[in-house]
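The values are calculated or read from the model by the stated rules, or taken from the named source; none is laboratory data. Worth saying up front: this structure is predicted, and the values here are computed from it rather than measured. In this analysis, Cβ positions are derived from the backbone assuming ideal geometry, glycine residues included, and neighbour counts consider all displayed protein chains.
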Amino acid sequence: MLQGSGAACATLKKQQVPVSFTPAPIPELNFDVPKARKVPSGAASGGNVPTAVAKVKITVPVAIGNLAELEAQLTKGLAYAFGHSAGQSGWSEEQGNSPSAVQPQSSASSSSSDGEQAAVAATAKVEPAAKHRAANGVEYFVCGDPKGAFDTIVSLTQQRKQQLLAADAEASLYFGTPQHMFYYAEGSIGISISGGSVTFFYPRSLRDHSATINLITWRMVKAYGLPVRPTTKRLSTGADQVEVTHELAHEQLSVCLLPGSRHAVRLPMTETLVVKDTPLFDFLASNPQMHVVADFVTTYPVPQLHFRPNVLEHPELLVTILMRNAPGVRPAAAPRTAGS
């Protein structure tokens with residue numbers, strides 16, 4: 001399942017040098033600030049990223065008799081001037097170093113504060129999808145491209161496949177699980193009736209991205225007293241025509257995703273035909289029903305359904321729920337022969 005991501009830029013603010021004593025001041029001194037290390041894009045990309053050398057003027061009141069204290073105060077002043085805590089290394093040690101020449105610090109030995117790590121994370125950008133064009137003119141988009149020739153999965157040797165599966169538990173589980181039909185997890189989708197005695201009931205629900213109308217079984221209609229009316233609509237499933245006599249009075253009903261949660265979305269029910277009981281589902285959700293939440297299903301590493309509660313105001317908000325991977329179809333009964 002894939003999504004765009006916005007990036008926020010965190011700006012470190014300049015602060016005044018803290019002064020808690022008033023010894024004799026020293027004259028203003030000019031210092032060349034070393035080149036800044038570009039954390040998100042420098043060392044990671046390996047490219048030559050241009051850097052700038054800035055000059056600052058800073059006055060540090062300190063007793064001249066102690067050179068070590070003078071050096072410490074100047075270092076502290078520079079750090080505060082550029083938003084770094086004293087003693088933290090946010091700059092390359094030599095002015096001639098380019099970002100690509102500086103080795104990034106490991107997370108175990110890094111002296112960066114939590115705030116700085118959060119700032120780096122906030123400014124890190126997700127790689128945008130790159131646009132490509134096939135030889136026949138078809139346009140497509142790619143993320144995470146290895147940027148060179150690569151083998152497709154069908155060209156891997158059996159030995160190589162086994163090595164990769166042994167090292168990847170998610171892939172091993174995925175390829176070891178047959179795929180059937182994907183149902184909403186129990187309790188993740190509910191139906192409610194306006195003015196009904198039951199707030200929600202939770203039918204065994206199937207999401208069908210080929211359906212243009214909802215379906216519900218007579219068993220559900222009778223169990224919860226759902227309002228129905230006669231219909232002249234006809235239901236086509238492939239080459240078969242299914243006899244349908246009634247539809248729900250859907251204006252009195254709603255379908256809710258994740259009822260009771262912070263991300264619950266209650267959708268007015270769209271047209272729904274009543275069909276005879278089937279082992280496949282109690283309720284089948286169609287494309288018109290879920291169109292407003294722009295839902296889609298991904299199958300790797302496990303079946304998941306993704307939807308957007310408010311694609312207009314919060315297009316970056318994507319909610320994911322697990323799906324049940326179930327055969328759905330019961331074994332067909334053996335045909336009865338004459339006399340049996």
Next on the checklist: So, in the stretch 236-246, how many residues would count as being in contact with a strand residue (DSSP E or B) (Cβ under 9 Å, 6 or more places away or on another chain) and loosely packed, with under 15 Cβ neighbours inside 10 Å?
Outcome noted: 5
Checklist entry - Somewhere in the stretch 166-187, is a residue of a type in the set (Val, Ile, Thr) and more than 25 Å from the chain's Cα centre (by Cα)? => result no
Item to check | Criterion violated by Ser172 - all others in (1) polar (S, T, N, Q); (2) free of Cβ contacts under 8 Å to residues at least 40 places away in the same chain; (3) under 30 Å from Pro268 (Cβ atoms) satisfied | outcome: (3)
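Yes or no, residue by residue, for (1) in a helix (DSSP H, G or I); (2) modelled with pLDDT of 95 or more; (3) touching a helix residue (DSSP H, G or I) at 6+ places or on another chain (Cβ under 8 Å); (4) farther than 20 Å from Thr217 by Cβ:
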site	(1), (2), (3), (4)
Pro288	yes, yes, no, no
His291	yes, yes, no, yes
Tyr300	no, no, yes, yes
Pro309	no, yes, yes, yes
Thr320	no, yes, no, yes
Arg330	no, no, no, no
Pro335	no, no, no, yes
Ser340	no, no, no, yes
Checklist entry - Since Thr232 meets every condition but one in (1) without any contact (Cβ under 8 Å) to a residue 60 or more places away in the chain; (2) under 25 Å from Leu305 (Cα atoms); (3) more than 25 Å from the chain's Cα centre (by Cα), which condition does it not meet? => result (2)
Next on the checklist: Take the residues in the stretch 211-229 that are of a type in the set (D, E, K, R) and in contact (Cβ under 8 Å) with a residue 12 or more places away in the chain; name whichever of them is nearest to Lys276 (Cα to Cα).
Outcome noted: Arg219
Checklist outcome for this item: In the stretch 144-162, anything in a helix (DSSP H, G or I) and polar (S, T, N, Q) is listed as Ser155, Gln158, Gln159, Gln162
Item to check | Any hit, the stretch 190-202, residues being of a type in the set (Gly, Ala, Ser) and at pLDDT 95 or above | outcome: yes
Next on the checklist: As an exercise: evaluate Phe175 against (1) touching a Ser or Thr at 6+ places or on another chain (Cβ under 8 Å); (2) among the aromatic types (Phe, Trp, Tyr); (3) farther than 30 Å from Asp282 by Cβ and give the number of the one condition it does not meet.
Outcome noted: (1)
